[in-house]
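Encoded as structure tokens, the structure appears first; notes follow it.
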Amino acid sequence: MNLLGAPRLTMDVDIVLALDDGNLDGLFALARELGLKPSIPVAIEFPKDPASRREWIERRNKIALPLVAAAPGSPTLDVLIEHPLDFEAAHSRRERRRVADVEARVASVADMIALKERAGRRQDRDDVEHLRRLNA
């Protein structure tokens, strides 16, 4: 939200990735390298199994795997395991932003609106209003 120009005080970063085995294996390896672990008692590899993802969504009402670092105050990395986007189409619409000396790829405003509308929480509805004003 902040990288798109909308004010948001948050301590998490949401990521959307293709949920194929290769991408997930890369994510798990990077998470281990960075010392990231699930913030809840679940194996980090559970998203590889579509049935486990479905159970997570339907029984726990969760659409993200939260990963945290050992350092207090570090942001949570929420890996979306379910979203309304066609990944390849969303990837082609991604935008580039600079954070210090690092180039970050972020979802387009339209895709962020779709993600936020799907989440439906009050904060997400407020975010959609900000995003629509930016898009106007």
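The values are calculated or read from the model by the stated rules, or taken from the named source; none is laboratory data. What you see is a predicted model; the values in this text were computed from it and never measured. Please note: Cβ atoms are built from the backbone with ideal geometry, for glycine as well, and neighbour counts cover all protein chains shown.
Computed quantities for the displayed model
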| read-out | value |
| --- | --- |
| Residue in segment 68-80 that is part of a helix (DSSP H, G or I) and among the small types (Gly, Ala, Ser) present | no |
| Hey, Leu17 in contact (Cβ under 8 Å) with a residue 60 or more places away in the chain and in a loop (DSSP other than H, G, I, E, B) or not | yes |
| Given (1) within 14 Å of the chain's Cα centre (by Cα); (2) closer than 15 Å to Leu65 by Cβ; (3) not aromatic (Phe, Trp, Tyr), index of the condition Met11 fails | (2) |
| Among (1) modelled with pLDDT of 90 or more; (2) assigned to a helix (DSSP H, G or I); (3) buried (at least 17 other Cβ atoms within 10 Å of the Cβ), the one test that Asp127 misses | (1) |
| From the options Ala114, Ala90, residue that is of a type in the set (Gly, Ala, Ser), assigned to a helix (DSSP H, G or I), touching a residue at least 12 places away in the same chain (Cβ under 8 Å) and in contact with a helix residue (DSSP H, G or I) (Cβ under 7 Å, 6 or more places away or on another chain) | Ala90 |
| Selection count, segment 98-113, where residues are surrounded by fewer than 16 Cβ atoms within 10 Å (Cβ to Cβ) and in contact with a Leu (Cβ under 8 Å, 6 or more places away or on another chain) | 2 |
| Of the criteria (1) modelled with pLDDT of 90 or more; (2) surrounded by fewer than 12 Cβ atoms within 10 Å (Cβ to Cβ), which one Leu24 fails | (2) |
| Of residues in segment 57-110 being at pLDDT 90 or above and hydroxyl-bearing (Ser, Thr, Tyr), the one farthest from Pro38 (Cα to Cα) | Ser92 |
| Residue list for segment 46-67, restricted to those being surrounded by 14 or more Cβ atoms within 10 Å (Cβ to Cβ), assigned to a loop (DSSP other than H, G, I, E, B) and not hydrophobic (A, V, I, L, M, F, W, C) | Lys62 |
